[in-house]
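Structure record follows, encoded as structure tokens.
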Amino acid sequence: ILVTLGTQDKSFKRLLDTVQMHIDKGNIKDKVVVQAGCTEYESKDMEIFDLIDRDNFDKLINECDILITHGGVGSILAGLRNNKKVIVCPRLAKYNEHVNDHQMEIVEKFCDLGLILPLFENDNLSNTSKLDLSEIKKEIEKQIKKEKKSLYDTVIIALESLVGKRKN
């Protein structure tokens, strides 16, 4: 499992706390590697790096089965381009994780297209604790199979929709 928090200058400890909780409950048994950016976090269960250079990041994306990430379009697309199961938790302004909640809109659009599994607070964060990772993988695969267009076309439609330029 690769967890990416991006390069924001704001902490995203909430996502790492959630991952740690799932490790502690035994829901996550896989190796967890974290690109933490500016988030300071200590865990005996996760291999944590502040920043990862592009080559190592690409290598980690290729090697992971599951990408758990913030709601940045670049991180989401990196996972989708590499056919990974992508679980996305948007950074929220009310926790000072970002300046606004645009990541929530991004996550909702990708979710509507069935390309990702979202982790919204007080939503499936608690429900996810009842699932094992194989169930999460199956759910994401089921959502991706619903889409009749190619993955590339689906992502382009999602991005065009986000910026209000959707073509007919």
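Among the numbered conditions (1) of a type outside the set (Ser, Thr, Tyr); (2) out of contact with any Phe, Trp or Tyr (no Cβ under 9 Å at 6 or more places or on another chain); (3) on the phi > 0 side of the Ramachandran plot, tell me where residue 6 comes up short.
Every listed condition holds for residue 6 apart from (2).
Taking the criterion of being touching a residue at least 60 places away in the same chain (Cβ under 8 Å) and β-branched (Val, Ile, Thr), would at least one residue in the stretch 19-36 satisfy it?
Yes, the conditions are met somewhere in the stretch 19-36.
Taking the stretch 37-50 as the search range and keeping residues that are in contact (Cβ under 8 Å) with a residue 24 or more places away in the chain and open to solvent by 70 Å² or more (accessible area, probe 1.4 Å), which one is farthest from the chain's Cα centre (by Cα)?
40
Looking for whichever is out of contact with any strand residue (DSSP E or B) (no Cβ under 6 Å at 6 or more places or on another chain), more than 18 Å from residue 87 (Cα to Cα), among the acidic types (Asp, Glu) and not in a loop (DSSP other than H, G, I, E, B) here; the options are 55, 17. Which one fits?
Checking each option against the conditions leaves just 55.
Let me spell it out: the conditions are (1) more than 11 Å from residue 2 (Cα to Cα); (2) crowded, with 21+ Cβ neighbours inside 10 Å; (3) in contact with a helix residue (DSSP H, G or I) (Cβ under 8 Å, 6 or more places away or on another chain), and residue 14 meets all of them except one. Which number is the exception?
(2)
Which of the residues belonging to the stretch 75-103 are closer than 19 Å to residue 37 by Cβ, assigned to a helix (DSSP H, G or I) and either among the acidic types (Asp, Glu) or open to solvent by 50 Å² or more (accessible area, probe 1.4 Å) (or both)?
Across the stretch 75-103, the qualifying residues are 95, 102.
Looking for something assigned to a loop (DSSP other than H, G, I, E, B) and more than 16 Å from the chain's Cα centre (by Cα) - is there at least one such residue anywhere in the stretch 60-73?
no
The values are calculated or read from the model by the stated rules, or taken from the named source; none is laboratory data. It should be emphasised that the depicted structure is a prediction, and the values quoted were computed from it without experimental measurement. Every residue, glycine among them, receives a Cβ derived from its backbone with ideal geometry; neighbour counts consider all protein chains shown. For accessibility, only protein heavy atoms count, side chains too; no ligands or nucleic acids. Shrake-Rupley method; radii C 1.70, N 1.55, O 1.52, S 1.80 Å.
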